[in-house]
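One structure is given below, encoded as structure tokens.
Computed from the coordinates by the stated procedures, all read-outs in this text should not be read as laboratory data. Bear in mind the structure is a predicted one, so any value in this text is a computation, not a measurement. As a convention, Cβ positions derive from the backbone with ideal geometry for all residues, glycine included, and neighbour counts pool all protein chains shown.
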Amino acid sequence: MPIVAPYLGMSLTLDDLDAENLAYFRYCAAHDFRLQRCRDCKLLRYPPTTACPWCSGSGALWEPVEGRGVVHSYTEVHHAIQPAFKAHLPYQVLLVDLDAQKGRPTEHEALRVIGNLTTAGGKLAPADIVGRVGIGTRVRMVFADVAPGLALPHWAIDETAQQKERPWRYPEE
Ligand SMILES: [Zn+2]
């Protein structure tokens with residue numbers, strides 16, 4: 001069964017053919033963050049995909065992974081390209097290095113998981129929170145319920161973590 005759900009005036013669809021993403025988002029709907037672990041080389045991978053990017057192995061098991069990490073990079077959106085986002089400007093899209101498997105299989109690698117910056121309650125973060133977050137901020141995963149059977153994994157500031165005094169941010173006018 002495909003997943004189809006409305007989100008901010010748009011229609012999100014996960015097709016039947018996309019077995020890996022259907023499985024991934026089924027776990028997300030239960031607020032259960034899981035990634036595939038390769039049966040051959042034992043490495044985790046993201047995004048969900050058919051074959052292992054490290055060894056091309058096709059077998060994998062879905063394994064629970066802790067949704068914590070550090071902002072690797074970000075985009076801050078000030079001009080909405082979709083009308084429904086206009087009310088939420090500025091918002092941030094984060095690329096987060098998971099703590100899990102960081103530095104493997106080489107020191108430059110990490111599982112880099114994308115998501116929006118949200119409040120602890122899963123709502124798109126307001127400007128005062130957006131202004132606090134930059135490269136190096138520690139974040140934790142939160143799930144935003146969109147519709148029955150669909151939740152989106154996002155990121156919120158990890159208030160329990162030791163934070164840098166000033167994370168790196170793009171120069172502002
Ligand atoms: Zn592998």
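Key figures
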| quantity | calculated |
| --- | --- |
| Förster radius 30 Å - calculated FRET efficiency between Lys102 and Val77, Cβ distance, rounded to 0.05 | 0.65 |
| Residue-by-residue Karplus 3J(HN,Hα) for the range 103-111, coefficients 6.51, -1.76, 1.60, Hz, glycine and proline x | x, 10, x, 10, 4, 8, 8, 7, 7 |
| Top of Gly134, Gly103, Gly67 by mean-square fluctuation, Gaussian network on the chain, Cα under 10 Å | Gly103 |
| Neighbour-count order for Lys86, Lys123, fewest beta carbons within 10 angstrom listed first | Lys86, Lys123 |
| Mean residue ellipticity (222 nm) of the chain, computed from DSSP H runs ≥ 4 via -39,500 (n - 2.57), nearest 500 | -2500 deg cm²/dmol |
| Debye log10 I(q)/I(0) at q = 0.10, 0.22 Å⁻¹ for the range 79-173, Cα point scatterers | -0.30, -1.23 |
| Highest-fluctuation residue, Asp15, Asp99, Asp158 considered, GNM on the chain with Cα pairs under 10 Å | Asp15 |
| In sequence order, calculated HN-Hα J values of the range 51-57 (Karplus, 6.51, -1.76, 1.60; Hz; x Gly/Pro) | 10, 5, x, 8, 9, 6, x |
| Debye log10 I(q)/I(0) at q = 0.13, 0.14, 0.19, 0.27 Å⁻¹ for the range 1-56, Cα point scatterers | -0.40, -0.45, -0.74, -1.10 |
| Rg(Cα) / (2.2 N^0.38 Å) computed for the chain, rounded to two decimals | 1.07 |
| Pairwise centroid distance, computed over Cα atoms, of the range 38-109 with the range 1-26, Å | 18 |
| Residues Glu159, Glu76, Glu172, Glu20 arranged by fewest to most Cβ contacts within 10 Å | Glu172, Glu159, Glu20, Glu76 |
| Within a Gaussian network of the chain (alpha carbon springs, distance under 10 Å), most fluctuating of Thr118, Thr137, Thr75 | Thr75 |
| Nearest-20 debye value, the range 54-131 charge dipole, Cβ charges on Lys, Arg, Asp, Glu | 220 |
